[in-house]
Each structure stands twice: as C-alpha cells, then as structure tokens.
1. Please compute the modelled spin-label separation between residue 200 and residue 33, points set 7 Å along Cα→Cβ, answer in nm with one decimal.
2. Using a Gaussian network for the chain with springs between C-alpha atoms less than 10 Å apart, which of these wobbles most: 127, 35, 105?
3. I want to verify a result. In a Gaussian network model of the chain, Cα cutoff 10 Å, which of these has the top mean-square fluctuation: 143, 123, 91?
4. Using the Karplus curve 6.51 cos²θ - 1.76 cosθ + 1.60 with θ = phi - 60°, work out ³J(HN,Hα) for each residue of segment 134-147 in order, rounded to whole Hz, and write x for Gly and Pro.
5. Net charge near residue 157: determine it from the other residues with C-beta under 15 Å of the C-beta of residue 157, scoring Lys and Arg +1 and Asp and Glu -1.
6. When the helices in the chain are scored as -39500 (n - 2.57) per DSSP H run of 4 or longer and the sum is shared across all residues, what 222 nm value do you end up with, to the nearest 500 deg cm²/dmol?
7. Describe numerically, in nm with one decimal, the distance between label points set 7 Å from Cα along Cα→Cβ at residue 65 and at residue 133.
8. Let me spell out the model: positive unit charges on the Cβ of Lys and Arg, negative unit charges on the Cβ of Asp and Glu, origin at the Cα centre of segment 37-137. What dipole size does that give, in debye rounded to 20?
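Here, each number is a calculation from the coordinates, and none is a lab measurement. Every value quoted in this text rests on a predicted model; they were computed, and no experiment measured them. Don't worry about glycine lacking a Cβ; one is built from the backbone with ideal geometry, like all the others, and counts go over all protein chains shown.
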Amino acid sequence: MKFKTVLTALLVTSLSVSSLSSVASAADSEAEITFTPGDGAPDVLDPTTPEETYDPESGTPGDPTNPPTGETGPLTLDYVSSLEFGSHQIESSLETYESTTLRPFVQVTDRRGTGAGWHVTAEMSSFTTGEGDTAISSLPGAELTLTGTTMNTTSSSGAPTPSDTIELSSDGTVSTVVNAGADTGLGSWIARWFPSATGATSNDNVTLEVPAGAATLGDHTATITWTLENTPQ
C-alpha cells in the first residue's frame, strides 16, 4: 500500500507540473526537392558486388573484357558482355561447349522516374569464319543458351522479371531476356549468368551447342544483338 501511495503522489506531481506549461506559438515550414530525368552515362556496376563499379580492364580471369556501351540518357543499356568459348578439337558428334566467360551480365539503368517499365531482348546472327570479303557463314544449326538468370542491384525498386532460359539460334529468333513491368526496374539492374559451382573454370549456365559435322577449322564469330525497349512486354 505504501508503494501505491507514493506512486500516486509522483503522478499527481508530474501532472501538476505539466499542466503549467503551454505552447506559445507554432508554425510550419517545408522541405522541397525537385527531380528531373537522369542524363549522362551511368556507372557500370560489378555484377557480384553492385556497390562497386566494374572494370573490364582489371584482368580478372573469366571476366568480360569488352567496354561499356557509353549510352547516355534517362533509359540506357549500359553493358552487354561478349562471350568466349575457347579453343576445341573438331569432334564427329554433337558437342556442347561451356563458356570460359565466368561473370557475363547485362546492365540496364532507368532514370526516367516514371515507372513506365522496359524490357530487353536478344537475338543472334549466323556464325561466320574468315574476315572481310572472305568471311563465310559457318556452324549451321549452332545454338547458344543462357540459363539460371539472376538479377542484382542496389535499387530499392521492385525487381524486373528475368527469363530463366534464353535460347539464341542462328535463324535470328528474338528471345526475351528480362521484363520490367510498371513501377519495377527503376535504377540500375543487372541480369547475370554465373556458373552453378563456386570456383568453376567454365560456365555451365552459358553453353554453345554445335551439331555433328558443323565445325570447320578456324575462328568463328556471331553477333548477339541486345535490344532495350522503353515499355514492358
């Protein structure tokens, strides 16, 4: 009982002091900021640790070495990796070759600030061998496949939806790589294809299938065209 009495007295004292204070005046102010669409070429982010920038000239084994696109403006395709498949002996059967590019990725940056969405597609040309006027079509029926697509970012925006498997053939078929619906994909986003196993020396998620009898002596090159559209699919 004594404890309750003392507590009540303290509360009454506190209320008595509080009742003596009053607000003399109050006023409001504002905090204001304006945003306009982004411009200039965005930084290319590291596909593993996007808090850091990517340096294609770092010399890291297995990293893509081609330069950024250098695109500028509110919606940009900042980086598209070239893919290497190494050197192999000609075989008499259908063969599937894993890429020696271990951290291939594509980066898109949306600084429009509208949440309108976007999507990226890819298509592959025929392979050719030789140079200039002597170049001829090669590796008929070859197919390039990217699987296990994952996204990485520092953005707090809703995530775009990647295609888990992207199949590219020399007939020019267009495949969806990633789709950002309304109010997703704002900021910089990376679609990437890393090996399944840590420490792998080849990339099982990026493969090139060459039919039996298609391989011929020499270097063979195809062009992958990555296209960024300013609306979702």
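1. 4.1 nm
2. The residue that fluctuates most here is 35.
3. 91
4. Per residue, the Karplus-derived 3J(HN,Hα) values read 8, 5, 10, 5, 8, 6, x, x, 5, 10, 9, 10, 10, 10 Hz.
5. Taking every Cβ under 15 Å from that of residue 157, the sum is 0.
6. Value at 222 nm, helices only: -2500 deg cm²/dmol.
7. 3.1 nm
8. In debye, rounded to 20, segment 37-137 gives about 320.
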